[in-house]
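Here, each number is a calculation from the coordinates, and none is a lab measurement. Computed from a prediction, not measured in an experiment: that's the story for all the values here. Here the Cβ is made from the backbone with ideal geometry for all residues, glycine too, and neighbour counts use every protein chain on show.
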Amino acid sequence: EHWPNSMLRTCGTAIGAGSHGSFSSVLRMGANRRTRPGDDLNFTSMITEWILATGGEAARAGTPVQDTEVFPTPDGAHAYKIVALPLSENQTRVDHVLCHLSRS
């Protein structure tokens, strides 16, 4: 409920500096929460691809990535902001990326 429009992505074992890697799973945080006005975003295929690319960039670089883009949606064009935070359990490789999406 407190993390609407956030995803925790589990990275494949190939993730690391200079590696393209893959994501083995994505958990949409707050997916079972009740809707609050203004919280829901349109997850179009273009926005989903952008989230995947930005999360992959954060995983490869091992540093946070922030980006803003404008996308067409069923209810008009909207600017979106993403913050992708790479996480590591053992401090040697990125094993998760926390992505938060909001309207800009």
Report summary line: Gly56 neighbourhood, Cβ < 12 Å, K/R = +1, D/E = -1, net charge 0
Query raised in the report: Can you give the extra length, in nm with one decimal, that the chain gains between Val70 and Glu57 once fully stretched, where that is 0.36 nm per residue apart less the Cα-Cα distance?
Result: 2.8 nm
**Report entry** Histogram of C-alpha separations across segment 56-104, 5 Å bin width, %
**Finding:** 5, 21, 24, 17, 13, 10, 6, 3, 1
Query raised in the report: So how do 84-96, 65-77 stack up, highest first, on mean other-Cβ count within 10 Å?
Result: 84-96, 65-77
